[in-house]
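The values are calculated or read from the model by the stated rules, or taken from the named source; none is laboratory data. As the structure is a prediction and not an experimental result, all values here were calculated from the model. When we count neighbours, we look across all protein chains shown, and the Cβ atoms used for this are built from the backbone with ideal geometry, even at glycine.
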Amino acid sequence: MNTKKIAIIGAGPAGVTAAYQLAKMGVKVDLYESSNQVGGMAKTIDLWNQHIDLGPHRFFSNDTRVNKLWLEVVGKDYKMVDRLTRIYYKKKFYYYPLKPFDALFKLGIGTATVCLFSFFKEKIFPTKLDGTFENWVTNRFGHKLFSIFFKTYSEKLWGISCKELDADFAAQRIKKLSLWEAVIGAFKSNKNNKHKTLVDQFAYPIKGTGMVYERMAKFIVENNGTVYLNTAVKRIIAENNVAKSIELDNGTIKTYDHIVSSMPFTQMVTRLPEVPEDIKQLAFSLKFRNTILVYLKIEGENLFPDNWLYIHSTEVLTGRITNFSNWVPEINGNQKETIVVLEYWCYDEDDLWKESDSILIERAKKEIKITGLVNNEKIHEGYVHKIKNCYPVYSKGYKDCLKPIEEYLTSISNLSIIGRYGAFKYNNQDHSILMGYLAAENIVNGSNHNLWDINTDYEDYQEKSTITASGLSQR
């Protein structure tokens, strides 16, 4: 393997991890990133003398391999953060995970009674599952709880009706979460909670999430690897079902023994030179959702206590708001101002994607005041960061398109597909790290890990350890 050269396309968590693991094994790696910084969606940027992420990017895993790797890179440069997240709905803030008496009081006896009636109705006369997100959630929680705590946020995120959203999204994210689990967890303060969405504490690097991937990149360069920033890869070139080279945007062609791709899935597939027309058309039918991040620098500290909030309200367009002052103090740079970010989601063709920065900033200023999170505090500045192809859209029946493409790509030797962008999977950081980790094992050790299987069901969360303030804690 020391004589072989490996190309890795995309320096997000999956790509950087794969390159890092290969470099540790003595393999010559070239890592290509189209932007000026590694980390992908999990990068950390400097803004107004503070370190901030691209939205809330907490790290949590039960997988010992992933946790050991994370600690190997981070060392002791992390802190445990007490998670506080709430849901904003009809001008009120509800704790998430659920606190039963808080929810009962804020919903009111009438609405709470309807929620319970709707829930028990499903136990007696369950909604027939039809493969949609709406029916899946309704079947589990009742239609009233679905309409309050799932519908609006989900439709903001995906840009389609919950009747058009595939139930596979629920299966990946909330498969074993039940109303009883949430209630019991609330009374137990979620201690030892096995469901990933309910954990009440997580590890966070003291210089931001991107610190992990910056350190990996530094190691790669120091160990005979190369990291090419601002270097976009146009396509992968395969001949006779063997991946052999890559073509850069400037026309340069480079030959490699193996190619690992985390470039956007649809772009990668449709640009393969030998791809059959039917596979190309299936790839064109898959869509990604874009993100617009609007950062505001606001006068004052302790504006509100949450790490982030989910905005389940139709009166504003934003879907999530993050307060970076409530993560670790080291990222704030001793500044007195608070940086918050409002997230908006859209498609390329949407008017929102085409709005100017000044209009988007004014929208964010108006909407954060509507929520009541900011009142008379002065908003000094705004900054807009747009990201294409963030979320693979799980529209109903998407797997009917995805499966034949996966089978075709599997038939191409010397090619590994990883990452949220690359594999068209709604990965968390730990899923992408694991993809990169296992891809490296496949290449060097001849392992036969099926990378497509990662993040397919709840069992990914049921592993052996967690990270605590003192290090790895075996379960």
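A few comments on the model shown:
- The numbered conditions (1) in a loop (DSSP other than H, G, I, E, B); (2) modelled with pLDDT under 95; (3) surrounded by fewer than 21 Cβ atoms within 10 Å (Cβ to Cβ) are all true for S313 except (3).
- Unique match (being among the polar types (S, T, N, Q), touching a residue at least 12 places away in the same chain (Cβ under 8 Å) and closer than 30 Å to T338 by Cβ) among N36, N62: N36
- Residue match in segment 466-473 (condition: within 24 Å of T209 (Cβ to Cβ), modelled with pLDDT under 90 and surrounded by 17 or more Cβ atoms within 10 Å (Cβ to Cβ)): yes
Per-residue answers, yes or no, for (1) farther than 25 Å from M80 by Cβ; (2) modelled with pLDDT under 95; (3) surrounded by fewer than 15 Cβ atoms within 10 Å (Cβ to Cβ):
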position	(1), (2), (3)
T322	no, no, no
G333	no, yes, yes
C346	yes, no, no
L352	yes, no, no
L360	yes, no, no
R363	yes, no, no
N375	yes, yes, yes
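- A single member of K24, K28 is closer than 18 Å to R215 by Cβ, surrounded by fewer than 23 Cβ atoms within 10 Å (Cβ to Cβ) and of a type in the set (K, R), and it is K24.
- Condition broken by W345, with the remaining ones in (1) more than 27 Å from E239 (Cα to Cα); (2) in a helix (DSSP H, G or I) satisfied: (2)
- T85 satisfies every condition listed in (1) among the β-branched types (V, I, T); (2) surrounded by fewer than 16 Cβ atoms within 10 Å (Cβ to Cβ); (3) farther than 30 Å from A440 by Cβ except (2).
- V114 falls short of the stated requirement of being within 30 Å of the chain's Cα centre (by Cα) and surrounded by 17 or more Cβ atoms within 10 Å (Cβ to Cβ).
- Scanning segment 89-110 for residues that are in a strand (DSSP E or B) and in contact with a strand residue (DSSP E or B) (Cβ under 7 Å, 6 or more places away or on another chain) yields a count of 4.
- Test result for K218, farther than 28 Å from W452 by Cα, in a helix (DSSP H, G or I) and at pLDDT 95 or above: yes
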